[in-house]
Amino acid sequence: MLISKKFFSLSLGGILISAVPLSAQDGFVSGGSGDITYFAGVGIANIKAGEYVYDGDHKLSQLDWESKGVKTGTIGAQMELGDNWRIKGQIDVGLGGDGHMEDRDWVVPSYSGWTDQSIHPDTKLDRYINLLIEADRAVIDTGTTRVGLGGGFGYANVKWTSRGGSYIYSNVTLHDTVGNFTDGEKGITYEQRIPTLFLSANAEQQIGKFKLSGTVRGGGSFDYKDVDDHWMRDLRFKEEMGFAPMLGAAISADYQFLPSAAIYVAGDFQKIFNTRGDMDQRNTVTGATSSFDDSASASYQSLTISTGVKGTF
């Protein structure tokens, strides 16, 4: 299933680019019906996710996953459909990166601080994919100023694996056990799968050869899932959250250096807010399973800065 989703995401960008007439001219400039703008770039991303376990209102566990300065590649296309409609699709893919994970537990409700902690500097980002498909219709279009309203679909998939690290546990008394895991020993693998639906508002302003644009998005994820493998304990946790609110924003500055080509710098931010859900637990050795209602929670945030080229080819 993961392979098929990844293939679908990667293929969709190609479909958006290839399923339109290659004879379209000056798509970057004219904005007429059928015109196509293609773009490709590279960038860096900061990504973080939260993983939480609850017993009623008491938080039992929190795992904070984060990667900074992740190298990314972007491809996409935008097509003018006529009657002031526009559709855009793009995919960002992480090109590998390091990370960090901190795991804290609060096993004694009467004690406000954490009772157990492990820190894992040897954490790798195994996967980062961010897909976006968006359509909007201009409500204002003067030729130099455009304001559009629309909506779309997004899908984010992020996965980390932690190895080694250090720990402080409370086995008999508070923080009485201190030690290190074996270097390179696989500890936890964590993955989030986040489909989103959103409404959006877009604005563009052409100033000579420069074009400034911005987008705000608001919506949510209706099928927010994660998978958590604890390799040392032979346990796999699958969690499915309820509706998770989402906010996003994007900005871009383009400089047109040829009639049908430009360079751009862009930023994109996305946040999925903490939301509760149910948890299924399975022992990967014995096959024993357990279920826990309303005991899991998750959150996600990403910020990407990229630069690249746009044009009609």
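Below, the figures for the structure above:
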| read-out | value |
| --- | --- |
| Among the residues listed as E102, E134, E80, the single one being at pLDDT below 95, of a type in the set (D, E) and assigned to a strand (DSSP E or B) | E80 |
| Residue within segment 41-53 that is at pLDDT 95 or above, on the phi < 0 side of the Ramachandran plot, over 17 Å from the mean Cα position of the chain (by Cα) and surrounded by fewer than 18 Cβ atoms within 10 Å (Cβ to Cβ) present | no |
| Count of residues meeting criterion [more than 20 Å from A40 (Cβ to Cβ), in contact with a strand residue (DSSP E or B) (Cβ under 9 Å, 6 or more places away or on another chain) and not acidic (D, E)] in segment 68-96 | 5 |
| Selection from segment 292-313 of residues that are among the aromatic types (F, W, Y) and over 27 Å from F237 (Cβ atoms) | F313 |
| Candidates V107, V147, V178, filtered to the one that is within 30 Å of I36 (Cα to Cα) and out of contact with any Asp or Glu (no Cβ under 6 Å at 6 or more places or on another chain) | V147 |
| Among the candidates I87, I75, I91, I129, residue that is more than 20 Å from the chain's Cα centre (by Cα), closer than 30 Å to V309 by Cβ and of a type in the set (A, V, I, L, M, F, W, C) | I87 |
| Boolean, K88 is assigned to a strand (DSSP E or B), surrounded by fewer than 18 Cβ atoms within 10 Å (Cβ to Cβ) and basic (K, R) | no |
| Close pairs from segment 69-85: first on the phi > 0 side of the Ramachandran plot, partner among the aliphatic types (A, V, I, L, M), Cβ under 6 Å, at least 6 apart | G69/I44; N84/A138 |
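A quick yes/no check of all residues on (1) buried (at least 17 other Cβ atoms within 10 Å of the Cβ); (2) touching a residue at least 60 places away in the same chain (Cβ under 8 Å); (3) at negative phi:
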| position | (1), (2), (3) |
| --- | --- |
| T196 | yes, yes, yes |
| Q205 | no, yes, yes |
| F210 | no, no, yes |
| G218 | no, no, yes |
| K225 | no, no, yes |
| R233 | no, no, yes |
| A244 | yes, no, yes |
| A250 | yes, no, yes |
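The values are calculated or read from the model by the stated rules, or taken from the named source; none is laboratory data. These numbers come from a predicted model, not from an experiment. Every residue, glycine among them, receives a Cβ derived from its backbone with ideal geometry; neighbour counts consider all protein chains shown.
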